[in-house]
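A short worksheet on the structure shown next.
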């Protein structure tokens, strides 16, 4: 990950491979933002005219490069669009994050970058720093000489009059922690399933957690069998790579609230005996994105020393077809004691989550939140950039929706209609693992609710759409694993600790 520092030096005087400035759009055309004025002055006041002549409009995330001019010390001037300002409030935090990310992403191959986007408040400093670091990401582990794209930016210097302000420095530190956590999650998601079996995911989580000062516990297949984790075992029984359950715990002496985070960790999903079509398997290395998110989030919470107790649970398995795989019509005895009839082995994520949710509730947390690439139905309803959020508490669901909007991780509140519970009835067990086709994301949420203890507030995040970007990169979001939900979960913990 790139390093970042704050500087009160004028952007025109910062020595770097490139300097990034912001431009906005207005009814009168392109406008320079406050951070760009020093560069404009050093360029003899013709910057807006030159950019306009090159076709720049100031629309969001538009990147225009031009050679240095005048007394600007950086070797290249890069203008990035911020769109239209929101009245007197200026540009939103998300607009700043996306602009900074688009700029550092476009500057891959440059070692050092100075950033002169609007950074006149602590919130703006944090947003620009976060976006710049998230944009400076690339997954190069398997690239050989000659095939690798340009390496991401190595260092970022953020020009701001608040360079000496304690709050601004704290905002940059927070951005570093968040970006590191998100990039850890992205790396896990991008890792091929041949190199990320359940045991590997568990080991990576344990290692990252211990570096953050967390306590770790891993249950292997023997411990899972002894503990009665029927859902996790059933999903993993078709694979030679046996399942695991990871627990990472952060405790704070001043904490008044406890949160449990549960993440789906299917390291590869073939669908099992209910085999997926070949094309549908191509991205199924991302089916452990929920586990990556909760592991990364609890580690970030620990590094930031947020005064709230948080435990992350990551059930992980590989869903494969074989002579030992679970079959449609099998009946499972779950950790909670309930029985489940398996009607479709490709509805496996809810089975491992059900065991982990039931176990998490035994510790009596105040809130339980799960994150999972659970259903294609969520993508049909909300597209590729918006997650679904459901839950058994309307206030909690609303709060998570609002936090997601604030962090730039869009989440839309979805209902759990009681009539869909009827479609989950089984003639031989307590519940079936799938219901009717229509409202599939909602009935999946209803299934999970059955394994949440009475009195525990719970929310379910279906991140199937945004977890893996199959299209082109945009803003600070790369192609491939995105690390979605990490920042929302951390921000939610901060709100809880603050009594919000």
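The values are calculated or read from the model by the stated rules, or taken from the named source; none is laboratory data. Here the structure is a predicted model, which is why all the values come from computation and not from measurement. Cβ coordinates were reconstructed from backbone atoms using ideal geometry, including for glycine residues, and neighbour counts include every protein chain displayed.
Quick notes on this one:
- If you go through segment 273-316 and keep only what is out of contact with any helix residue (DSSP H, G or I) (no Cβ under 9 Å at 6 or more places or on another chain), surrounded by fewer than 19 Cβ atoms within 10 Å (Cβ to Cβ) and in contact (Cβ under 8 Å) with a residue 60 or more places away in the chain, you end up with just 283.
- Any hit, segment 237-250, residues being modelled with pLDDT of 95 or more, surrounded by fewer than 19 Cβ atoms within 10 Å (Cβ to Cβ) and in a helix (DSSP H, G or I): no
- Residues of segment 440-447 include none that is part of a loop (DSSP other than H, G, I, E, B) and either in contact with a strand residue (DSSP E or B) (Cβ under 8 Å, 6 or more places away or on another chain) or more than 30 Å from residue 99 (Cα to Cα) (or both).
- Options 5, 25; residue that is part of a strand (DSSP E or B), out of contact with any strand residue (DSSP E or B) (no Cβ under 6 Å at 6 or more places or on another chain) and at negative phi: 25
- Selection from segment 174-227 of residues that are under 19 Å from residue 249 (Cα atoms), touching a strand residue (DSSP E or B) at 6+ places or on another chain (Cβ under 7 Å) and in a loop (DSSP other than H, G, I, E, B): 214, 220
- When segment 360-380 is filtered for residues that are over 23 Å from residue 497 (Cβ atoms) and either in contact with a strand residue (DSSP E or B) (Cβ under 7 Å, 6 or more places away or on another chain) or not assigned by TED's automatic domain parsing to the domain that holds residue 442 (or both), the ones remaining, listed by number, are 372, 374, 375, 378.
- Residue 329 falls short on exactly one of the conditions (1) on the phi > 0 side of the Ramachandran plot; (2) in contact (Cβ under 8 Å) with a residue 60 or more places away in the chain, and that condition is (2).
- Those helices (runs of 4 or more DSSP H) of segment 47-145 in which 2 or more residues are assigned by TED's automatic domain parsing to the domain that holds residue 8, modelled with pLDDT of 95 or more and within 29 Å of residue 405 (Cβ to Cβ) occupy 93-106, 122-135.
- Residue list for segment 104-135, filter: under 20 Å from the mean Cα position of the chain (by Cα) and closer than 17 Å to residue 472 by Cβ: 104, 105, 134, 135
- Filtering segment 448-479 to residues that are within 20 Å of residue 104 (Cα to Cα) and either in contact with a helix residue (DSSP H, G or I) (Cβ under 8 Å, 6 or more places away or on another chain) or touching a residue at least 60 places away in the same chain (Cβ under 8 Å) (or both) leaves 469, 471, 473, 474, 475, 476, 477, 478.
- The residues of segment 28-46 include none that are in contact with a helix residue (DSSP H, G or I) (Cβ under 7 Å, 6 or more places away or on another chain) and either outside the structural domain of residue 113 (by TED's automatic domain parsing) or in a loop (DSSP other than H, G, I, E, B) (or both).
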